[in-house]
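Read through the structure below, which is laid out as structure tokens, and then see the notes.
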Amino acid sequence: MNFETFNFHPSVMAGVRALGYTTPTPIQSQAMPLIMQGRDVIGLAQTGTGKTAAFVLPILQRLRQSSRGRVRALIISPTRELADQTCEVINGLGSKTDLQSVAIYGGVSMEQQTRRLRSGVEIAVVCPGRLLDYLWKRNISLSDLEVLVIDEADRMFDMGFLPHIREILAYIVHTRQTLLFSATMPAAIRRLVRGILHDPVTVQIGHTLPARTVSHALYPVQQHLKTTLLKEILDTTNTDSVLVFTRTKHRAERVAQQLVRGGYRVTSLQGDLSQSQRRAALTGFRNGSIKILVATDIAARGIDVLSISHVINYDMPESTDAYIHRIGRTGRVDKSGEALTFVTNSDTGKIRALEQLLDKPPERVRLKGFDYAKPAPGKEPLLLEQ
Ligand code: AMP
């Protein structure tokens with residue numbers, strides 16, 4: 001299948017070519033025809049599958065046909081980074097269509113976003129909290145809305161945004177097409193779907209299995225040796241960009257500091273950063289000047305950096321869903337990637353769940369020459385004087 005099959009307008013096709021897409025990804029070839037028929041669609045697909053273009057292209061095709069200057073498509077994103085990335089995809093694919101978009105999220109001045117909105121945009125990519133501010137202040141009108149997209153709905157739920165979503169929905173009174181994308185389908189999302197989607201079709205890509213281009217390995221190690229093992233891996237492995245996940249923000253900071261002291265160029269992302277600090281941290285990682293990013297699950301949401309070759313789970317993720325999300329950052333579209341997971345004795349239950357998720361049990365790796373028995377500092381055996 002190629003993109004010609006969809007009969008996109010030449011101005012939309014020009015955007016597809018500008019981004020160098022030649023073959024639609026599975027979510028695109030399955031979801032786009034349904035979206036273009038006007039159906040409500042549930043897309044079960046993780047990031048890295050090409051899901052953004054799967055909804056952006058039909059939106060561009062639809063909106064270019066009639067009136068301009070009013071918000072006719074609303075895309076709700078859980079994070080600012082995802083909102084920015086979605087806008088980038090819209091700007092790239094829509095570069096020849098004259099359609100305008102705006103990203104609306106908190107942490108930055110409202111003035112610029114408002115000015116852009118007033119200048120007349122057709123597509124708004126928003127984070128829930130800031131959109132509600134706009135709606136309360138009547139700074140945005142959704143009365144012309146035709147398409148609503150709820151992106152990464154499961155993340156939205158994890159981050160406690162579902163009440164916001166319901167509040168936003170109360171402002172959208174007339175019939176519209178609704179598209180919901182999610183990597184997983186927790187019960188709360190299923191309830192939301194029942195309430196707001198009309199006769200939806202579900203398009204499921206590879207169930208919730210991680211992208212096939214990723215190889216998985218477990219690295220058994222004692223807790224206190226994790227940073228030493230991480231450095232050893234970074235020193236001996238041919239990597240491009242590396243994303244390291246820790247369970248807590250304190251640990252993300254500490255591991256990043258330990259790596260900095262070891263002479264590595266590294267940055268960290270955790271929930272406490274201001275928007276400008278997040279941006280600064282991400283810019284270096286995106287442009288490749290910093291190759292290692294240490295982050296927590298929440299802080300890493302929405303990060304789309306194509307050159308991520310390795311995801312290293314410094315701490316085992318809390319659930320298989322979290323594992324899928326973490327490793328969705330590597331092996332994007334036709335690239336391959338590696339997922340390395342440090343495991344300790346206390347992770348046995350989670351390892352079992354992970355083994356059930358994957359097609360075949362992940363390989364267990366022990367590094368040659370690595371001192372796995374080194375005691376924790378302060379726990380060295382006493383050397384008794386003779
Ligand atoms: P997404 O899942 O939307 O985050 O997309 C992941 C990455 O795949 C993005 O960098 C897209 O630009 C890229 N992509 C999306 N569709 C295609 C396609 N048909 N061919 C090649 N790359 C694509």
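The values are calculated or read from the model by the stated rules, or taken from the named source; none is laboratory data. Every value quoted in this text rests on a predicted model; they were computed, and no experiment measured them. For neighbour counting, all protein chains shown are included, and Cβ atoms are generated from backbone atoms with ideal geometry for every residue, glycine included. Just so you know, the surface numbers come from the protein's heavy atoms only, side chains and all, with ligands and any DNA or RNA stripped out. Shrake-Rupley method; radii C 1.70, N 1.55, O 1.52, S 1.80 Å.
Go over the candidates VAL56, VAL41, VAL12 one by one and state the one that is in the same structural domain as ARG155 (by TED's automatic domain parsing), crowded, with 22+ Cβ neighbours inside 10 Å, over 21 Å from the mean Cα position of the chain (by Cα) and not charged (D, E, K, R).
Matching residue, one of VAL56, VAL41, VAL12: VAL12.
Please go through region 118-146 and pick out each residue that is in contact with a Leu (Cβ under 7 Å, 6 or more places away or on another chain) and either closer than 23 Å to GLY38 by Cβ or not assigned by TED's automatic domain parsing to the domain that holds ALA83 (or both).
Scanning region 118-146 gives GLU122, ILE123, ALA124, VAL126, LEU142, LEU145.
Tell me which of these VAL294 doesn't satisfy, since it passes every other one: (1) free of Cβ contacts under 8 Å to residues at least 24 places away in the same chain; (2) β-branched (Val, Ile, Thr); (3) over 30 Å from TYR21 (Cβ atoms).
It fails just one condition, (1).
Please enumerate the residues belonging to region 118-132 that are open to solvent by 10 Å² or more (accessible area, probe 1.4 Å) and over 21 Å from HIS164 (Cα atoms).
If the condition is that a residue be open to solvent by 10 Å² or more (accessible area, probe 1.4 Å) and over 21 Å from HIS164 (Cα atoms), then ARG118, SER119, GLY120 are the ones that fit.
Looking at THR79 and the list (1) open to solvent by less than 20 Å² (accessible area, probe 1.4 Å); (2) within 12 Å of the ligand (Cβ to nearest atom), which single condition is not satisfied?
Here THR79 clears every test but (2).
How many residues are more than 26 Å from THR320 (Cβ to Cβ) and part of a loop (DSSP other than H, G, I, E, B) if we restrict to region 124-156?
11
Among the residues of region 310-336, count how many are of a type outside the set (Ser, Thr, Tyr), outside any helix (DSSP H, G or I), open to solvent by 40 Å² or more (accessible area, probe 1.4 Å) and at pLDDT below 85.
Of the residues in region 310-336, 3 are of a type outside the set (Ser, Thr, Tyr), outside any helix (DSSP H, G or I), open to solvent by 40 Å² or more (accessible area, probe 1.4 Å) and at pLDDT below 85.
Mind listing whichever residues of region 2-22 are more than 12 Å from the ligand (Cβ to nearest atom) and of a type in the set (Val, Ile, Thr)?
Listed by number, the residues that qualify are THR5, VAL12.
Restricting the search to region 273-296, which residues are away from the ligand (no atom under 16 Å from the Cβ) and either modelled with pLDDT of 85 or more or in contact with a Lys or Arg (Cβ under 6 Å, 6 or more places away or on another chain) (or both)?
If the condition is that a residue be away from the ligand (no atom under 16 Å from the Cβ) and either modelled with pLDDT of 85 or more or in contact with a Lys or Arg (Cβ under 6 Å, 6 or more places away or on another chain) (or both), then THR283, GLY284, SER289, ILE290, LYS291, ILE292, LEU293, VAL294, ALA295, THR296 are the ones that fit.
Taking region 142-157 as the region of interest, how many residues are touching a helix residue (DSSP H, G or I) at 6+ places or on another chain (Cβ under 9 Å) and open to solvent by 50 Å² or more (accessible area, probe 1.4 Å)?
Selection size over region 142-157: 1.
Kindly provide the set of residues from region 23-72 that are within 20 Å of ILE150 (Cβ to Cβ), more than 13 Å from the ligand (Cβ to nearest atom) and out of contact with any Phe, Trp or Tyr (no Cβ under 9 Å at 6 or more places or on another chain), ordered by number.
LEU34, GLN37, GLY38, ARG39, ASP40, ILE59, ARG62, LEU63, VAL71, ARG72 - these are the residues of region 23-72 that are within 20 Å of ILE150 (Cβ to Cβ), more than 13 Å from the ligand (Cβ to nearest atom) and out of contact with any Phe, Trp or Tyr (no Cβ under 9 Å at 6 or more places or on another chain).
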